[in-house]
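Input: a single structure, listed below in structure tokens.
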Amino acid sequence: MPERTYSHQELEAKWSARWAADPTIFAAEPNSSKPKYYVLEMLPYPSGTLHIGHIRNYTIGDALARFKWMRGFNVLHPMGWDAFGLPAENAAIKNNRHPHEWTNYNIAEMKRQHRRMGFSYDWSREISTCEPEYYKWNQWFFTRMWDKGLVYRKQALLNWCSECATVLANEQVVNGCCWRHETIPVEQKELTQWFIKITAYADELLQEIGNLEGGWPDRVLAMQRNWIGRSEGAEVDFTVAGSGENIRVFTTRVDTIFGATCVILAPEHDLVKQYVTGDNAVAVKAMIDARATQGLGEVEKVGIDTGLRAINPFSGEPVPVWVGNFVLSGYGTGAIMAVPAHDERDFEFCSKYEIPIVPVVRPAEGELTLPFTEYGISQNSGQWSGLATADARAQMAAHAKANGFGETAITFRIKDWGISRQRYWGTPIPMIHCATCGVVPVPDKDLPVILPKDAQLTGKGESPLARTPAFVNVDCPKCGAPSRRETDTMDTFVDSSWYFYRYCDNHNSEAPFSSEAIKYWFPIDQYIGGVEHAILHLIYSRFWTKMMRDLGLISNDEPATRLFTQGMVIKDGSKMSKNKGNVISADTMIDEFGADTGRLFELFAAPPERDLDWTDAGAEGAARFLGRVFRFVTRNIDRLNETGEPGEADRKVLRKLHQTIRKITEDFESRWHFNTSIAAFMELVNELYTHEAALAPATRREVLEKIVLLLAPFAPFICEEMWEEMGRPGPVFKQPWPSFDEALLQEDGADIVLQVNGKVRSRLLAPFGTSKGDLEKLALSDPKVQSMIGTATVVKVVVVPDRLVNIVVKA
RNA sequence: GCCGAAGUGGUGGAACUGGUAUACACAGCAGACUCAAAAUCUGCCGGGGUUCACUCCCCAUGUGGGUUCGACUCCCACCUUCGGCACCA
């Protein structure tokens, strides 16, 4: 067969058509005796366009899936669609098309692009979260959580984005702005909303981060720890003089309580509503409004003296009660004791309003400068004076508890997950409001609550479902009285919190999934996605897993043992975005360079966890390289029956081949630096070009077979083509991964570096295992070394066998 | 401010447990092939100095110290960039 030129168009079209025609080709085996491997990439929002950023994510997963197949695993590699959400609704309003139609069109488009890229998904397991057969189970879980007290309804000040015309979870607020509209400040709005009690799992979510160490990136775990924000301290009651009412404060430094010179309430605190009147009430209202639109950074501290006094339970002294704009209502008890001598914020506030500053901790050594926030020795603190901070803290918390005015307390930063959205395109919340029975969950037999097709979408204020009488009006399932259906829909992060379980049993109409299927496939062996989901999606998913475990549905505690967060794709120095106009779609990239080339370039240009600069020149290089491999293989297929004896060239080539097999295998098994895998493969091909003419037939045969296998996880189309061209039965990604031969990859001898005073001066080739003494002799007799030593005295000789000799001399 | 990651040629990056710094590519330069170009193949390619030349020497991994026979790698201090959290009591 003559040498063929590499043309990606026809070759890739041919193989993607063949793969599409065989629905089981990438399917996991039922009842397999092989070990299982579940590799998962985060499911995309169906925007309609796959771009080179998505491609990086999927290419990493695809290379891994193909490698695992070749290593003999039963691989589950599914894909689906995070299909609910605002963009569909907004696009629908703009184009006058139904969101479902718009979404399904986009899904079809993206699926076509996935196929062009050759990603090895088992499409029989596909899910789309906007279909009733999926979102029915969101509703089912919701009513299960209601039964367990994990769902509740509460009036609260909530984050409101005027652009989205809906509320946002705390996790969706970025720098005081909406995560989708980074320039629109989030407002505070009082609404009655549905919450999921994720805080019930705060402790476990934090504790078990320890179990994920090693498998999840440190920075993700650090971000989650930070987000959960556990803090240990104490709660103490200050009694309002004259009224007998208690103000409970939270503090991590109860040891400084003798230095508390005022109590400060958050403006939203209940006592403020009760006691603050007249002009002060107006000022408090202004404070709340100012805070609602408060943007980035620190804001000048402002306070209002309520005129009330509260009694410090430790000292018995009365202190003034203030309202402060820097005290958060949603954290701790919404009230603090201000200890200006030992807290920077309190110091700033009290200095401004001339409230006394009383030091009660001194440093163990050195001068006291205020504010002093370190640990030290208590002073002016009654019977606790003289104690070290840690001891004082413990003893004083115990004292508070013994005397009934406080206790040790743990506070979390994480808040319950507000999931109500006042929009149409989401899962209807399966609840009914009855005048006599109150809130009643929709019974299982009536699930799913179908999202009606005909709601009017305006993109304004209240949920579109509220203006759809056929949806709203319903009889109470308990008493039969005419009632009103809940019209809010669920946050789409509900959909993505458990979707990877549904892949295991995606058409189950009796249950969200069979526990048997989950037992086999879970946990996910490798989850791959962007670091932007480090807190939102990944905390919700961990929570959902624990919740399902406690419902008795599954037995794993965590969804995924390993998580990989790939870097972003950068074009022309910045992240791709529509605004910058630097987005490269999969279609454009494939037309111009080919799917294999795009995949190879993205794996080669940087280690996968780092950001990657897309350059056309670099991609052209990858295409050139694939052409080099293709020509080499096709022109050598004819030469397999030549005769000849192996010689020096064969030894060199086989050594390089086996070294390369080892290198790539190790990269897959450990750190995933595919850039170095591919570099090693390029070195091998360079070596093959050098020795091509001299190769014996047996070597040629081995080389041809193995280079195709080695390249297969990275560039599947071209490898399938070459495998077929070689007359081998496919598919190539189900062939056993090549193993390496230790004997063949050994070099002839050790290349010993000869150093004088740590600088390389010469080198020599010695047989492996040459003794230290012999190496030293050889080194000292080396002419170059001798001339460098000259007349100096040899002080010491360091010998590292098979590596180097370092001769230390002194003039 | 706190937490995390990273600083190596013109560029992307390599050096995995302290042991040949700059693998592999991109860009650039030169040569071969060609009437010519493209494609392809081959070679050169951190900075400075030295030699007719083979060669050889010095410097360089953000900065300054340290440990070591030996440091991109370990330790201390600092600078810069990126990411996360940010009045969390």
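The values are calculated or read from the model by the stated rules, or taken from the named source; none is laboratory data. The model shown is predicted, which means the values in this text are computed figures rather than measured ones. In this analysis, Cβ positions are derived from the backbone assuming ideal geometry, glycine residues included, and neighbour counts consider all displayed protein chains. Only protein heavy atoms, including side chains, enter the accessible area calculation; ligands, DNA and RNA are left aside. Shrake-Rupley method; radii C 1.70, N 1.55, O 1.52, S 1.80 Å.
Couple of notes before you dig in:
- Among the residues here, residue A:315 does not qualify as modelled with pLDDT under 95, touching an Asp or Glu at 6+ places or on another chain (Cβ under 7 Å) and either more than 11 Å from RNA strand B (Cβ to nearest atom) or open to solvent by 40 Å² or more (accessible area, probe 1.4 Å) (or both).
Here is a yes/no grid of residues against (1) part of a loop (DSSP other than H, G, I, E, B); (2) in the same structural domain as residue A:476 (by TED's automatic domain parsing); (3) open to solvent by 60 Å² or more (accessible area, probe 1.4 Å); (4) within 30 Å of residue A:144 (Cα to Cα):
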site: A:372; (1), (2), (3), (4): yes, no, no, no
site: A:375; (1), (2), (3), (4): yes, no, yes, no
site: A:380; (1), (2), (3), (4): yes, no, yes, no
site: A:386; (1), (2), (3), (4): yes, no, no, no
site: A:393; (1), (2), (3), (4): no, no, yes, no
site: A:396; (1), (2), (3), (4): no, no, no, no
site: A:408; (1), (2), (3), (4): no, no, yes, no
site: A:426; (1), (2), (3), (4): yes, yes, no, yes
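- Among (1) within 13 Å of RNA strand B (Cβ to nearest atom); (2) out of contact with any helix residue (DSSP H, G or I) (no Cβ under 7 Å at 6 or more places or on another chain); (3) basic (Lys, Arg); (4) under 15 Å from residue A:254 (Cβ atoms) - the single one residue A:393 does not satisfy: (2)
- Cross-chain or 6+ apart pairs with Cβ under 9 Å, the stretch A:594-614 first and farther than 16 Å from residue A:715 by Cβ, then near RNA strand B (Cβ under 8 Å from one of its atoms) and among the acidic types (Asp, Glu): A:606/A:613
- Only one entry in A:577, A:509, A:496, A:514 is among the hydroxyl-bearing types (Ser, Thr, Tyr), under 25 Å from residue A:431 (Cα atoms) and surrounded by fewer than 21 Cβ atoms within 10 Å (Cβ to Cβ), namely A:509.
- Residues of the stretch A:656-682 satisfying the condition of being assigned to a helix (DSSP H, G or I) and within 7 Å of RNA strand B (Cβ to nearest atom): A:663, A:666, A:675, A:676, A:678, A:679, A:682
- Residues satisfying the stated conditions in the stretch A:207-261, i.e. free of Cβ contacts under 8 Å to residues at least 40 places away in the same chain, assigned to a helix (DSSP H, G or I) and open to solvent by less than 60 Å² (accessible area, probe 1.4 Å): A:209, A:210, A:221, A:222
- Here residue A:79 fulfils each of the conditions (1) outside the structural domain of residue A:529 (by TED's automatic domain parsing); (2) open to solvent by less than 10 Å² (accessible area, probe 1.4 Å) apart from (1).
- Residues of the stretch A:452-474 satisfying the condition of being in contact (Cβ under 8 Å) with a residue 60 or more places away in the chain and either of a type in the set (Lys, Arg) or surrounded by 14 or more Cβ atoms within 10 Å (Cβ to Cβ) (or both): A:453, A:457, A:459, A:460
- Going through (1) of a type in the set (Val, Ile, Thr); (2) within 15 Å of RNA strand B (Cβ to nearest atom); (3) over 25 Å from residue A:393 (Cβ atoms); (4) surrounded by fewer than 18 Cβ atoms within 10 Å (Cβ to Cβ) one by one, residue A:192 falls short only on (2).
- Restricted to the stretch A:732-811, the set of strands (runs of 3 or more DSSP E) holding at least 3 residues that are modelled with pLDDT under 85 comprises A:759-766.
- Residue match in the stretch A:212-229 (condition: more than 13 Å from RNA strand B (Cβ to nearest atom), assigned by TED's automatic domain parsing to the domain that holds residue A:326 and touching a Leu at 6+ places or on another chain (Cβ under 7 Å)): no
- The single condition among (1) within 13 Å of RNA strand B (Cβ to nearest atom); (2) in a helix (DSSP H, G or I); (3) surrounded by fewer than 20 Cβ atoms within 10 Å (Cβ to Cβ) that residue A:613 does not meet is (2).
- Selection count where residues are open to solvent by less than 50 Å² (accessible area, probe 1.4 Å) and either out of contact with any Leu (no Cβ under 8 Å at 6 or more places or on another chain) or under 19 Å from residue A:232 (Cβ atoms) (or both), scope the stretch A:356-370: 3
- Assessment of the stretch A:478-491 against the conditions (under 24 Å from the mean Cα position of the chain (by Cα) and touching a residue at least 12 places away in the same chain (Cβ under 8 Å)) yields at least one matching residue.
- Flag for residue A:624 being open to solvent by less than 30 Å² (accessible area, probe 1.4 Å) and either in contact (Cβ under 8 Å) with a residue 40 or more places away in the chain or within 12 Å of RNA strand B (Cβ to nearest atom) (or both): no
- Residue within the stretch A:48-58 that is farther than 28 Å from residue A:87 by Cα and open to solvent by 20 Å² or more (accessible area, probe 1.4 Å) present: no
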